[in-house]
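S.K.: Once you've had a glance at the structure underneath, I'll fire off some questions.
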């Protein structure tokens, strides 16, 4: 597959905008009541805005596939790019059902048939998380993506019993299929492994 120069320049521009135009993330804690599907739907739609058509349908599908609402969720943003080998970096706030919040960072490499770059908002549903410390590890997954200016999608990353379901709404140009992992940690790092 030959990459056109305009595509590479566009991807770099999107990644630079994503890195330099960071908006403040919400830091308000959740109430210490169990998470409810309706509340998560409202928060996701408020976070993604009116431009993300189908977010409610996508979240309802995740709820059905995982037997209900998650035990935690992450609200954040990420950027990445790929040309066969890919990288992804993100940051956000994790909200637990007991009202606890914490900053979280993620990064990860990928390999596959993929090219392009994207900047996305991420709303990650976290299932079967018992302690915040259990979130800080690597979660493997397979992803297929097609972003042409904008798109919304979900994939699953798993480690032991914990399941991450990142719902992403992004801009840029990125397409393909890859296998990789997300490494979550309480500290930021540029080292992708």
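S.K.: Which residues, counting only those in region 38-63, are under 25 Å from residue 98 (Cβ atoms) and without any contact (Cβ under 8 Å) to a residue 24 or more places away in the chain?
M.R.: Correct list: 38, 39, 41, 42, 45, 46, 60.
S.K.: Okay, moving on. Residues that are within 17 Å of residue 192 (Cα to Cα) and either in contact with a strand residue (DSSP E or B) (Cβ under 8 Å, 6 or more places away or on another chain) or touching a residue at least 40 places away in the same chain (Cβ under 8 Å) (or both): does region 157-166 have at least one?
M.R.: Yes, because at least one residue in region 157-166 is within 17 Å of residue 192 (Cα to Cα) and either in contact with a strand residue (DSSP E or B) (Cβ under 8 Å, 6 or more places away or on another chain) or touching a residue at least 40 places away in the same chain (Cβ under 8 Å) (or both).
S.K.: Tally the residues that are crowded, with 23+ Cβ neighbours inside 10 Å and at negative phi, restricting the search to region 168-179.
M.R.: Adding up the residues that qualify gives 4.
S.K.: Take region 66-79 and flag every residue that is more than 9 Å from the chain's Cα centre (by Cα) and over 23 Å from residue 112 (Cβ atoms).
M.R.: 66, 67, 68, 69, 70, 71, 72, 73
S.K.: Here is a further query. Restricting attention to region 104-120, does a residue exist that is modelled with pLDDT under 90, out of contact with any helix residue (DSSP H, G or I) (no Cβ under 9 Å at 6 or more places or on another chain), crowded, with 19+ Cβ neighbours inside 10 Å and not in a loop (DSSP other than H, G, I, E, B)?
M.R.: yes
S.K.: Between 115, 111, 104, which is touching a residue at least 12 places away in the same chain (Cβ under 8 Å), within 22 Å of residue 47 (Cα to Cα) and touching a strand residue (DSSP E or B) at 6+ places or on another chain (Cβ under 8 Å)?
M.R.: Within the list 115, 111, 104, the selection yields 104.
S.K.: Additional query: Pick from region 128-156 the residues that are crowded, with 20+ Cβ neighbours inside 10 Å and modelled with pLDDT of 90 or more: which of them is nearest to residue 172 (Cα to Cα)?
M.R.: So, considering only residues that are crowded, with 20+ Cβ neighbours inside 10 Å and modelled with pLDDT of 90 or more, the one nearest to residue 172 (Cα to Cα) is 139.
S.K.: What about residue 82, is it over 13 Å from the mean Cα position of the chain (by Cα), closer than 20 Å to residue 47 by Cβ and surrounded by 23 or more Cβ atoms within 10 Å (Cβ to Cβ)?
M.R.: Considered against the rule, which asks whether it is over 13 Å from the mean Cα position of the chain (by Cα), closer than 20 Å to residue 47 by Cβ and surrounded by 23 or more Cβ atoms within 10 Å (Cβ to Cβ), residue 82 comes out as no.
The values are calculated or read from the model by the stated rules, or taken from the named source; none is laboratory data. Here the structure is a predicted model, which means the values were calculated and not measured. All Cβ positions, glycine included, derive from the backbone under ideal geometry; neighbour counts span all protein chains shown.
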